[in-house]
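Working notes, beginning with the structure itself.
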């Protein structure tokens with residue numbers, strides 16, 4: 001093909017001093033003006049601003065520009081802006097090309113080398129843009145339903161927001177009940193609202209909402225499709241109880257052949273016991289019991305008297321033969337609200353968790369002081385005594401080179417809350433060992449002052465170790481008090497480890513399932529840390545709550561609302577425009593070798609035997625270009641990434 | 001000319017700035033380079049990035065063309081195994097890479113000049129390391145000089 005000639009305009013952004021402080025933009029503009037085809041070259045302080053865009057639009061009209069090259073930031077940030085500006089001026093948006101001279105140049109290089117690199121990149125872009133052709137956006141309708149994964153406070157809030165706006169919502173939760181971590185807490189900081197009192201009405205609202213389909217004890221196992229049209233497979237695990245028939249009377253639990261609960265109770269962190277047939281906690285939603293086949297005698301031996309069946313009677317809700325089912329749903333958007341995992345305190349051996357019985361995690365203490373907890377709200381040690389002194393160790397598994405480097409954001413505040421509650425309930429002396437006291441939130445610092453005035457002791461120092469006293473068996477916390485400048489050893493009856501927040505153990509598998517990215521720590525990666533905090537790089541998939549990073553309940557709820565709004569905005573658009581970067585076949589060149597057919601991961605390529613050529617289904621093609629690279633006769637091509645365009649870039653950067 | 005084939009001396013390598021063409025996928029490695037930028041991680045300015053949607057789009061001809069046009073090295077960056085935005089384009093890139101690498105070696109191209117790396121969107125630091133390392137390796141090798149064996153391929157690329 002002969003190289004097309006076009007009237008090209010080049011626009012170089014200063015980005016304040018972000019680019020112009022490093023790259024000689026005047027020299028770059030002069031250089032651009034000498035490139036073949038360039039009719040006009042300009043530089044401007046902020047190209048993305050309205051006056052900057054107007055500059056481009058005016059030139060398109062005045063100089064009859066046929067191509068536009070903008071040298072500025074990453075196309076991931078402003079490609080859409082400049083394409084839209086071109087479109088508004090009557091130029092096909094795909095005749096605009098961006099050159100990244102900020103992220104890839106001025107922010108990482110300096111001196112003449114930075115300007116030289118900008119010249120090479122700009123030359124490449126000017127050469128490639130001549131080959132750009134006008135393209136039409138593809139448009140597909142958006143399904144008016146949303147999948148919310150995870151039924152903690154984030155998922156609950158997002159689901160309710162969407163459902164109240166009239167959207168169909170599927171809420172999928174892998175545990176037998178929704179509620180997440182928040183349901184385990186006693187009070188919430190800094191207002192000391194009872195967590196259950198503010199959460200359970202929302203949980204019930206989810207169950208009762210006509211627009212929400214709630215699937216607990218269920219997991220997403222497959223995701224296909226793309227924004228506007230996801231096909232999701234959900235595995236509904238058998239709970240051996242038919243959800244529609246169970247009325248939540250709990251008589252079966254009473255009737256179980258195990259007279260006393262004797263199995264590890266997950267919801268109470270093992271501090272309480274449950275039976276093989278159980279409900280996680282009294283306010284669980286749905287109010288449907290679960291049978292644990294690992295401990296149920298009927299499942300283990302088949303020789304149980306099945307007194308639960310008898311108790312259920314005519315309701316016939318118990319079904320030992322229940323099988324898992326796979327449901328397939330179609331949704332337009334997905335919100336991930338899969339939450340966090342509390343740090344495993346036994347990973348830090350010198351704090352003695354799992355070794356000394358009176359070393360607890362904060363989550364265990366939440367259950368102990370919760371009125372619905374294993375001790376009915378009595379804060380007692382494992383031997384039943386009330387603690388007279390309690391030490392709270394901050395930053396366990398946070399801000400630590402050996403475990404996790406990040407600050408978990410909530411531990412200072414929940415430690416203050418626990419200090420207050422412990423003092424209120426037991427009158428014990430409470431010692432907080434902290435590195436820094438971090439209380440940046442509305443009414444947080446005031447709460448800290450209040451707790452300090454209540455007589456809680458604060459010792460600035462990281463606890464070195466916890467060990468039992470030889471005399472009375474109390475636990476000694478040893479730490480360097482960095483304000484006093486000396487080592488202190490404080491004996492206490494109870495140690496509470498303020499464990500930090502970690503990504504879920506299976507975060508990597510989950511992100512692969514949904515084709516999104518993780519930060520190196522394992523938190524799901526947002527599209528932009530400031531301007532797109534609930535979006536991901538996969539269109540139509542949004543984030544809410546701690547799966548994106550540690551945060552408290554107010555921030556989680558705010559983020560869940562934002563994710564719901566983003567999903568709603570998407571759904572209300574009605575249709576989505578897709579990048580037209582699909583592959584297509586030049587039938588007259590295609591030899592019918594079928595190399596491409598097996599390469600396509602989306603089965604978008606079919607073979608037409610009557611014509612002996614391959615054919616690309618544009619609706620299925622996602623535009624990766626793998627088939628294009630493999631075609632031996634160069635008969636498959638890709639819009640926006642034509643061979644000529646890439647060759648021109650290669651030649652351009654090396655000229 | 002005898003100078004052209006003579007080994008490159010110490011003095012010459014000190015002044016030599018290699019040119020490396022990089023093909024980065026839109027979803028992982030290009031974003032890693034964006035992240036390196038927002039994190040202000042300084043690295044060698046010798047790499048020129050060509051954005052493709054997927055590392056699977058990198059036609060071996062692009063690599064040959066880059067060497068033919070005077071690149072001293074070619075770097076391909078894609079998503080980690082299992083992480084490809086397009087499910088498996090990176091595996092296709094890997095297959096072609098191994099084949100092309102052998103071919104280039106037979107043509108006398110040192111293996112250090114052609115590299116495939118998996119760099120995810122969150123690995124700005126890794127991007128910096130890979131670029132710096134490759135620039136140093138290629139700098140040590142000296143400028144790329146096409147051997148005679150390369151010419152038939154170059155003609156084929158030129159068509």
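The values are calculated or read from the model by the stated rules, or taken from the named source; none is laboratory data. The model shown is predicted, which means the values in this text are computed figures rather than measured ones. Every residue, glycine as well, gets a Cβ built from its backbone with ideal geometry; the counts of neighbours run over all protein chains shown.
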Quickly run through the stretch B:113-143 and pick out the residues that are touching a helix residue (DSSP H, G or I) at 6+ places or on another chain (Cβ under 6 Å) and in a loop (DSSP other than H, G, I, E, B). B:119, B:121, B:123, B:142
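Considering only the stretch A:33-62, state which residues are assigned to a helix (DSSP H, G or I) and within 23 Å of residue A:4 (Cα to Cα). Explain how you work it out, then say what you get.
Looking only at the stretch A:33-62, we keep the residues that are assigned to a helix (DSSP H, G or I), and these are A:33, A:50-62.
Hits for the stretch A:33-62 are A:33, A:56, A:57, A:59, A:60, A:61, A:62.
Find the residue count for the stretch B:65-82, including only residues that are under 11 Å from the mean Cα position of the chain (by Cα), more than 7 Å from chain A (Cβ to nearest Cβ) and not in a loop (DSSP other than H, G, I, E, B).
Here is the first cut: in the stretch B:65-82, the residues under 11 Å from the mean Cα position of the chain (by Cα) are B:66-67, B:71-77.
Those left that are additionally more than 7 Å from chain A (Cβ to nearest Cβ): B:67, B:72-77.
Of the ones still in play, those that are also not in a loop (DSSP other than H, G, I, E, B) are B:67, B:73-77.
Residues that pass the stated criteria total 6.
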Which number in (1) facing another protein chain (nearest Cβ under 10 Å); (2) touching a residue at least 24 places away in the same chain (Cβ under 8 Å) marks the one condition that residue B:95 misses? (2)
Does residue A:502 satisfy the condition of being within 30 Å of residue A:405 (Cβ to Cβ) and in a strand (DSSP E or B)? yes
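Out of everything in the stretch A:20-49 that is within 21 Å of residue A:655 (Cβ to Cβ) and out of contact with any strand residue (DSSP E or B) (no Cβ under 7 Å at 6 or more places or on another chain), what residue ends up being surrounded by the most Cβ atoms within 10 Å (Cβ to Cβ)? Full working, then the answer.
So the first thing to find is which residues in the stretch A:20-49 are within 21 Å of residue A:655 (Cβ to Cβ), and the list is A:23-25, A:27-39, A:41.
Going one step further and asking which of them are out of contact with any strand residue (DSSP E or B) (no Cβ under 7 Å at 6 or more places or on another chain), we end up with A:23-24, A:27, A:30-31, A:34-36.
Details: A:23: 29, A:24: 17, A:27: 14, A:30: 12, A:31: 19, A:34: 9, A:35: 18, A:36: 12.
Residue satisfying both the conditions and the ranking: A:23.
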Kindly list the number of the only condition in (1) part of a strand (DSSP E or B); (2) more than 23 Å from the chain's Cα centre (by Cα) that fails for residue A:220. (2)
Residue count for the stretch B:39-64, restricted to those that are outside any loop (DSSP other than H, G, I, E, B) and without any contact (Cβ under 8 Å) to a residue 60 or more places away in the chain: 10
In this structure, does residue A:260 turn out to be closer than 28 Å to residue A:370 by Cβ and touching a helix residue (DSSP H, G or I) at 6+ places or on another chain (Cβ under 7 Å)? no
Selection from the stretch A:343-372 of residues within 29 Å of the chain's Cα centre (by Cα) and under 14 Å from residue A:468 (Cα atoms) yields none
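Does residue A:256 satisfy the criteria of being without any contact (Cβ under 8 Å) to a residue 60 or more places away in the chain and surrounded by 15 or more Cβ atoms within 10 Å (Cβ to Cβ)? Walk me through it before giving the result.
Numbers: without any contact (Cβ under 8 Å) to a residue 60 or more places away in the chain: yes; surrounded by 15 or more Cβ atoms within 10 Å (Cβ to Cβ): yes.
Answer is yes for this residue.
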Say whether the condition of being out of contact with any helix residue (DSSP H, G or I) (no Cβ under 7 Å at 6 or more places or on another chain), crowded, with 17+ Cβ neighbours inside 10 Å and in contact (Cβ under 8 Å) with a residue 12 or more places away in the chain is met by at least one residue in the stretch B:100-112. yes
Among the listed residues A:425, A:409, A:450, A:438, identify the single one that is free of Cβ contacts under 8 Å to residues at least 60 places away in the same chain and within 34 Å of the chain's Cα centre (by Cα). A:438
For residue A:253: the one exception among (1) under 15 Å from residue A:177 (Cβ atoms); (2) modelled with pLDDT under 95; (3) assigned to a helix (DSSP H, G or I): (2)
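Looking only at the stretch B:52-64, how many residues end up being in contact with a strand residue (DSSP E or B) (Cβ under 6 Å, 6 or more places away or on another chain) and either over 30 Å from residue A:111 (Cα atoms) or more than 7 Å from every other protein chain (Cβ to nearest Cβ) (or both)? Before you say what the answer is, go through the steps one by one.
So in the stretch B:52-64, the residues in contact with a strand residue (DSSP E or B) (Cβ under 6 Å, 6 or more places away or on another chain) come out as B:52, B:54-55, B:58, B:63.
From the residues that got through so far, the ones that are either over 30 Å from residue A:111 (Cα atoms) or more than 7 Å from every other protein chain (Cβ to nearest Cβ) (or both) too are B:54-55, B:58, B:63.
Of the residues in the stretch B:52-64, 4 are in contact with a strand residue (DSSP E or B) (Cβ under 6 Å, 6 or more places away or on another chain) and either over 30 Å from residue A:111 (Cα atoms) or more than 7 Å from every other protein chain (Cβ to nearest Cβ) (or both).
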